[in-house]
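Input: a single structure, listed below in structure tokens.
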Amino acid sequence: MRIGTVLSVVAAAGLVACGGEVPAPKALVDARADYAKAKGGITLQLDPTDVHEADLALQKAESAWQSSQDPNDEHAIDQAIIAQRKAQIAMAEAAALKAQQELQTAKNELEATMQSQLQATRGQLDKTQRNLAQTQDQLSLTAAQAAEQKKQLADLEAKLKDARDTIAKIAAVKDDDRGMVITLQGEVLFKTGKWDLKPGAMAKLDQIADALRGKEQPMVVYGFTDNVGAIDMNMDLSQKRAQSVRDYLASKGIPGDLITAEGKGPAAPIAENTSVEGRAQNRRVEIVVKPKKS
Amino acid sequence: MRFATIALLAAVLAGCSSSFPPPNDEYSAAQADVGRAESGGAPAVPDAKLHLQLAQEDLQKSKALIDNGDNKRAADLISVARVEAQLALSLAKQLQAEEQARKAQADVAKAKGGQ
């Protein structure tokens, strides 16, 4: 076919050359140009069938022109127009095919992009879910710990209240910034000038020891005197009395490393030393139960 | 022998002049081509619209030629009308395909930009 066309063109050219003066009609010149374009570009690769059609049409147009040699011959001109249109159809069809290929490529790329984005999002979601699960585990653990601590605290408070209630029946109990303070009058515990415990005192201290046992709270036993007599003597007496009470409590199950004794002498009176009653109140022993170290 | 020659000459002359049959089938086929170009979107594409109009004009002219008995010339014009209509459809298809491809490429760029 191609050879046929070439031959036709050559023949036509030969005729024109021999005739010397009859140029091909414009329609045929245009048809040849468009056919050359279709044949030279990607059109031949993408749409060989339509290029072939155009080739056949051009051959017909060339023959018609050869037969007539009349630039105004309508049949020859129509054949040339048909040939040109067929070349144009081939180019348009090829361009459409090319666009369809590009469309498919873009679709594939879009699909791949979406897939990878979807995977990335899924990955993030998984990670977030794992983190959430971890956080929830930690939260429930923390909640359980908090509940346990709260319960322990409530138990301790209940125990402390029980102890305080028991002690309040036999001694004055108050709270100050040192902790819970149990005050025992000196007359109840000791004879004048002595520091060994009276038998009745032991019974009271037994009850106090019972109530405080197991609390695991540090305690300090303070001894106090009135202001009668030499300061050195009073300091010594108050120390010895505090020590007696401390030793007794320690012998009754209060851990020795948690309880200490300290003599204060006439310091920190709780009443005036000007009256008999006031001096009696100042002669005392205070057991200070400190808040449990946490 | 002489008679046969005359008869043959008469037949050839008859074929060449007015006995060319009216190209009715081709005319119908051209109408179908125009219809396909119209429904294929050619009126909306300037280049395609031009060729569609040429096809319609050629078809009208060919109808007049058939009415006047010039069937041969009508057949040529119908052939031209057919390729005009076919080209109109091809051009419309080309533009539509190119637009779709451009859109899809823009979608890809957008999707990638959104990452």
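Remarks
Every residue, every condition in (1) in a loop (DSSP other than H, G, I, E, B); (2) under 30 Å from A:GLY229 (Cα atoms), yes or no:
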{"residue": "A:GLU157", "(1), (2)": "no, no"}
{"residue": "A:LEU160", "(1), (2)": "no, no"}
{"residue": "A:ARG164", "(1), (2)": "no, no"}
{"residue": "A:VAL173", "(1), (2)": "no, yes"}
{"residue": "A:VAL181", "(1), (2)": "no, yes"}
{"residue": "A:GLU187", "(1), (2)": "no, yes"}
{"residue": "A:GLY193", "(1), (2)": "yes, yes"}
{"residue": "A:ASP196", "(1), (2)": "yes, yes"}
{"residue": "A:ALA201", "(1), (2)": "no, yes"}
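- Odd one out for A:VAL188 among (1) in contact with a Gly (Cβ under 8 Å, 6 or more places away or on another chain); (2) open to solvent by less than 40 Å² (accessible area, probe 1.4 Å); (3) at pLDDT below 95: (2)
- Checking each residue in segment A:106-117 for being more than 8 Å from chain B (Cβ to nearest Cβ) and open to solvent by 80 Å² or more (accessible area, probe 1.4 Å) picks out A:ASN108, A:GLU111, A:GLN115.
- Residues that are among the aliphatic types (A, V, I, L, M) and either in contact with a His (Cβ under 6 Å, 6 or more places away or on another chain) or closer than 16 Å to A:ASP78 by Cα (or both), drawn from segment B:31-61: B:LEU54, B:ALA55, B:LEU59
- Scanning segment A:218-238 for residues that are surrounded by fewer than 20 Cβ atoms within 10 Å (Cβ to Cβ) and either more than 60 Å from the chain's Cα centre (by Cα) or assigned to a loop (DSSP other than H, G, I, E, B) (or both) gives A:PRO218, A:ASN227, A:VAL228, A:GLY229, A:ALA230, A:ILE231, A:ASP232, A:MET233, A:MET235, A:ASP236.
- Breaking point among (1) farther than 30 Å from B:ASP47 by Cα; (2) away from chain B (no Cβ under 11 Å), for A:LEU58: (1)
- Filtering segment B:66-78 to residues that are facing chain A (nearest Cβ under 9 Å) and hydrophobic (A, V, I, L, M, F, W, C) leaves only B:LEU77.
- Any hit, segment A:128-140, residues being within 13 Å of chain B (Cβ to nearest Cβ), free of Cβ contacts under 8 Å to residues at least 60 places away in the same chain and open to solvent by 40 Å² or more (accessible area, probe 1.4 Å): no
- Whichever residue in segment B:79-97 is more than 7 Å from chain A (Cβ to nearest Cβ) and among the hydrophobic types (A, V, I, L, M, F, W, C) and, among such residues, is farthest from the chain's Cα centre (by Cα): B:LEU95
- Within segment A:88-105, considering residues that are more than 7 Å from every other protein chain (Cβ to nearest Cβ) and open to solvent by less than 40 Å² (accessible area, probe 1.4 Å), the one farthest from A:LEU28 (Cα to Cα): A:ALA94
- Scanning segment A:47-87 for residues that are surrounded by 19 or more Cβ atoms within 10 Å (Cβ to Cβ), in contact with an Asp or Glu (Cβ under 6 Å, 6 or more places away or on another chain) and assigned to a helix (DSSP H, G or I) turns up A:ASP50, A:ASP78, A:GLN84, A:LYS86, A:ALA87.
- For segment A:145-166, the criterion of being away from chain B (no Cβ under 14 Å) and touching a strand residue (DSSP E or B) at 6+ places or on another chain (Cβ under 7 Å) is satisfied by at least one residue.
- Residue count for segment B:56-111 satisfying the condition of being touching a residue at least 24 places away in the same chain (Cβ under 8 Å) and either more than 25 Å from A:GLU93 (Cα to Cα) or among the aromatic types (Phe, Trp, Tyr) (or both): 8.
- Single condition B:GLY15 does not satisfy, out of (1) more than 9 Å from chain A (Cβ to nearest Cβ); (2) modelled with pLDDT of 95 or more: (2)
The values are calculated or read from the model by the stated rules, or taken from the named source; none is laboratory data. These numbers come from a predicted model, not from an experiment. Positions of Cβ are generated from backbone atoms using ideal geometry, with glycine treated the same way; all protein chains shown enter the neighbour counts. Note: accessible area is taken over every heavy atom of the protein model, side chains too, but ligands, DNA and RNA are not part of it. Shrake-Rupley method; radii C 1.70, N 1.55, O 1.52, S 1.80 Å.
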